[in-house]
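The values are calculated or read from the model by the stated rules, or taken from the named source; none is laboratory data. Please read all numbers here as calculations on a predicted model, not as lab measurements. Note: ideal-geometry Cβ built from the backbone for every residue, glycine included; neighbour counts use all protein chains shown.
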Amino acid sequence: FTFHSLQAKMSRPVQARRLEGIDKNIWVEFVKLAATYSKVNLGQGFPDFPAPDFLREAMMRALSGGNHMLHQYTRAFGHPPLVKVLAQFFEKLLGRDLDPMTNVMVTVGAYQALFCCFQALVDEGDEVIIIEPFFDCYEPMVKMAGGTPVFVPLRPNPPKDGKLMSSADWQLDPAELASKFSERTKAIVLNSPNNPLGKVFSRGELGLIAELCVKHNVLCISDEVYEWLVYDGKQHIRIASLQGMWERTVIIGSAGKTFSATGWKVGWVVGPDRLLQHLRTVHQNSVYHCATIAQEAVAQGFQRELKLYGKPESYFVQLPKELQQKRDWLVQSLDGVGMKPIIPEGTYFLVADISPFKSDVPDVPNSDEPYDSRFAKWMVKNKGLAAIPLSAFYSEAHKNNYTNFIRFCFAKEEATLKAASDILQKWKQEKTS
Ligand code: PMP
């Protein structure tokens, strides 16, 4: 064949249309920057302390125990011991009977659970409501499914008494939320406790969302990966337990977040069979099987937690207790240097106001990049401290709404948090001297 026909072939677009406009991903950039420059990494959300002994021992037993079949495929929709114990656990939490085979499915982390939800439930032209700020993958995942994301913001109401702001001060405007629901709305994504703010939605707020879902016959994709990480005696309320919601809700969870083992990438969905049957179709045509050995170890972790449920020795009691101390420590240290923290009610993230440090990082007029993003890049390159700009958790249209904030992850060893605090203190001293 001729050179001409070869050229004609090459000029054909290689990229599928569904990828248009979703090629950028801030994590690729910020993870690389952190790897290159950071001395202290409070950026991406993962613990730098070890996963609990009982979980690591469970993995060791799974590896070296007598059952060599744990190295082979297991049931596609979830290793039987894991779906069984998850069903038992969620029966307790939701107060309803669950069938491990139809009401639970295991996924490659909560990330694949989300992907299955959007692919299975969202059609071309469907609208999906997303509450801003949001875990950034919701937007491209909705678009990849052919849907249209519709954003509704949490709006900050600063406390008047001069106290530090709390994530509870970021609230939905009920009328604004209601205005986003229409006959085109297929689903709403709820993430409570919320990444990045740490907001734990109250019963009243969840009631409002539930009422609108029922009224407009809308599904709820409920990302609850931080379900155990709530502080100050607050309670995580599952929207699926509200009236009329079980039938329309998919609950998403993550062993990575629950057991401080994000690298294992074990996640799950819990919900009614009428929804999960379609998620299974996506799962069987994409990933099909998740790693057996990790599922076995997570199953054992849950068996332990089921026995210790509500007891002080439970990891789901101990982990939030430890994290609350770390949160308080970071809150104090940020407040001490004037980088005002928004106190999170849950998750292991904390958003802080960078205003007093802005003079070191000149603004570039008319730049397309939000200020906080340039600030975070400057900070990791010049101070060795990695954090994530809040604008990364906003849609393209709203990324310039709040550009004075960065997000820190505090699921870190004391020494790591101390090193971060030392960097900020030294920086502040340099500014004042
Ligand atoms: N949802 C939220 C809100 C998250 O923060 C994360 C991880 N950062 C995920 C889902 C993905 O979880 P996993 O690591 O289990 O895939």
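Okay, here's what the table says:
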| read-out | value |
| --- | --- |
| When residues of segment 379-401 are limited to those that are over 17 Å from residue 44 (Cα atoms) and touching a strand residue (DSSP E or B) at 6+ places or on another chain (Cβ under 8 Å), the one surrounded by the most Cβ atoms within 10 Å (Cβ to Cβ) | 395 |
| Test: residue in segment 206-216 that is within 16 Å of the ligand (Cβ to nearest atom), buried (at least 17 other Cβ atoms within 10 Å of the Cβ) and modelled with pLDDT of 95 or more | no |
| Given (1) in contact with a helix residue (DSSP H, G or I) (Cβ under 6 Å, 6 or more places away or on another chain); (2) touching a residue at least 24 places away in the same chain (Cβ under 8 Å), number of the condition residue 371 does not satisfy | (1) |
| Some residue of segment 180-197 being surrounded by fewer than 21 Cβ atoms within 10 Å (Cβ to Cβ), small (Gly, Ala, Ser), more than 16 Å from the ligand (Cβ to nearest atom) and more than 25 Å from residue 231 (Cα to Cα) | yes |
| Single match in 283, 236, 278 (criterion: away from the ligand (no atom under 12 Å from the Cβ) and more than 22 Å from residue 97 (Cα to Cα)) | 283 |
| Condition broken by residue 189, with the remaining ones in (1) out of contact with any strand residue (DSSP E or B) (no Cβ under 7 Å at 6 or more places or on another chain); (2) in contact (Cβ under 8 Å) with a residue 60 or more places away in the chain satisfied | (1) |
| Test result for residue 262, closer than 30 Å to residue 49 by Cβ, within 16 Å of the ligand (Cβ to nearest atom) and surrounded by fewer than 22 Cβ atoms within 10 Å (Cβ to Cβ) | yes |
| Among residues of segment 215-228, those that are more than 30 Å from residue 310 (Cβ to Cβ) and assigned to a loop (DSSP other than H, G, I, E, B), counted | 2 |
| Count - residues of segment 169-214 that are among the basic types (Lys, Arg) and assigned to a loop (DSSP other than H, G, I, E, B) | 2 |
| The listed residue being buried (at least 18 other Cβ atoms within 10 Å of the Cβ), in the same structural domain as residue 382 (by the TED database) and of a type outside the set (S, T, N, Q), out of 43, 78 | 43 |
